[in-house]
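The values are calculated or read from the model by the stated rules, or taken from the named source; none is laboratory data. Note that the coordinates shown come from a computational prediction; the quantities given were computed from them, not determined experimentally. Positions of Cβ are backbone-derived with ideal geometry, glycine not excepted, and every protein chain shown enters the neighbour counts.
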Amino acid sequence: MTRYLTNPLFVFLSIWALATGSYAMGVVTGLFRPPEAITLAVVFLSILTFCLGYLTWTLFQDPTPLTAEQPGAPSRSLSRARITAGLRFTLFMGLVALGLGFYRIALVASHVGISFFDLVTHPTTMRLQLVLFIGTNIFEVSYVAILISVASSLFSIGFVLVGIYLYMSTSVARYLYLAAFLLISITVGLTNLSRFEVTVHILYIVFAYCFMSARGHAVRARHTLLPLLAPIGTVALLFILIEFLLNKGATFAQPDRLRGFFFGFYWYIASPLAALNEFLARFDGPYDLGQNMFFPLYKWLCRFHLAPPTDFSVYGEMIFIPYPANVYTYLRSLYEDFGMTGVIVIPYVLGLAACLLRAKATWSLPYLNLYLVLLAFLLFSFYNYYLISTQIYMQVVFGFVLFRGTPLPPVEPQEGCDPLS
């Protein structure tokens, strides 16, 4: 089972089957209007070309996984001391990110002229003011935002390490680290009144744990997925807490709050395709030629006055279909930048990259970190363009800079040994 959970083709096809099925259900029931021909073509071609890219690489790659003993692989393996040092460092950066998050809330409170206590005790107001503050200053140089991105990106790498440590270690310390990372992550999520980043953190743990299992990095007499219940339960808890604080279910005009809460899950899965359909129906150019896909780079060009600032909504353009939606799948960025050429070429390249990184992630921690970012990108492709944040690029870069030359333990070590001993 774990082989499928970290297989990019399975992840991509499964999530798009769920999204298109949910959207089709909404069309049949009259919730959404029927799709335009261009919408059907864009979705079909993107799925087809991703599959072709994936299958193309499988024709050329070496079926033998690269291990630490093979030529070209770094010599130092991941020991208990090194992985715990990484966990402590990234955990500390999580505390830094949390502190900076509180500081940003204080800045927002000062900016709108209310007290910190009044802002944090009114969740709806705080969420609105945070969105306005971040969106208004997106093209400005904010050292607080830069520091938050740096600390958060390093903290995110820690969840990859937690997933590895959770699988490979047999000590009680793995659960202590897991609890510490989850506690900080959920606190950051509540501070930002956002569920997305915490969900991504949990995905990194689950993907890393399943990848280690699927690739045979450690031998266990009785391997189970039970250690993943706590991370998954954390996401469920956060969704409940955010619903309690913001009452988002009331948006969907359901008979009671519980139905509104569960309808929200359906809406998040089905509405992005419905929103994409509306966007494609009215889009008539011109193409932005990479401005959306490479927005983190474009933002810095604007800051250095090398490109003109543009109207860009960090949280997406809001439409009502009939309820509010502000995500358009990753296909909007591809089409808005390059039209059908982007829809055909970029998924094909993603399919190629998925196979390449999957092989390299077998032995290299930096590549594993990059591969899990790609898996998250594929999983959220039905929802939005995952690489819109500078923080994600920082996570990849820091993974190579700080963990360079640190391969994972060799595949299939001797039976009965603790790979981290």
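Computed values, structure above
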quantity	calculated
Segment 1-18, subset under 23 Å from Tyr268 (Cα atoms) and of a type in the set (Val, Ile, Thr), residue surrounded by the fewest Cβ atoms within 10 Å (Cβ to Cβ)	Ile15
Number of the exception - Ala218 against (1) modelled with pLDDT under 95; (2) in contact with a helix residue (DSSP H, G or I) (Cβ under 7 Å, 6 or more places away or on another chain); (3) part of a helix (DSSP H, G or I)	(3)
Unmet criterion (only one of (1) modelled with pLDDT under 95; (2) farther than 30 Å from Thr310 by Cβ; (3) assigned to a helix (DSSP H, G or I)) for Ile114	(3)
Cβ-Cβ under 7 Å pairs, at least 6 apart or on other chains, segment 237-248 side under 18 Å from Thr121 (Cβ atoms), far side loosely packed, with under 15 Cβ neighbours inside 10 Å	Leu246/Thr124
The one condition in (1) surrounded by fewer than 17 Cβ atoms within 10 Å (Cβ to Cβ); (2) without any contact (Cβ under 8 Å) to a residue 24 or more places away in the chain; (3) within 26 Å of Ala270 (Cα to Cα) that Val373 fails to fulfil	(1)
Identity of the residue in segment 125-146, part of a helix (DSSP H, G or I), in contact with a Phe, Trp or Tyr (Cβ under 9 Å, 6 or more places away or on another chain) and of a type in the set (A, V, I, L, M), that ends up farthest from Cys302 (Cα to Cα)	Val131
Residue in segment 184-206 that is at pLDDT 90 or above, more than 15 Å from the chain's Cα centre (by Cα), of a type outside the set (S, T, N, Q) and under 25 Å from Met1 (Cα atoms) present	no
Identity of the residue in segment 104-144, surrounded by 13 or more Cβ atoms within 10 Å (Cβ to Cβ) and among the hydroxyl-bearing types (Ser, Thr, Tyr), that ends up farthest from the chain's Cα centre (by Cα)	Thr125
Close pairs (8 angstrom Cβ cut-off, 6 or more residues apart or separate chains): closer than 13 Å to Leu193 by Cβ in segment 129-145, modelled with pLDDT under 75 and not small (Gly, Ala, Ser) anywhere	Val131/Val314; Val131/Tyr315; Ile134/Val314
Enumeration of residues in segment 362-388 that are outside any helix (DSSP H, G or I) and modelled with pLDDT of 90 or more	Phe380, Ser381, Phe382, Tyr383, Asn384, Tyr385
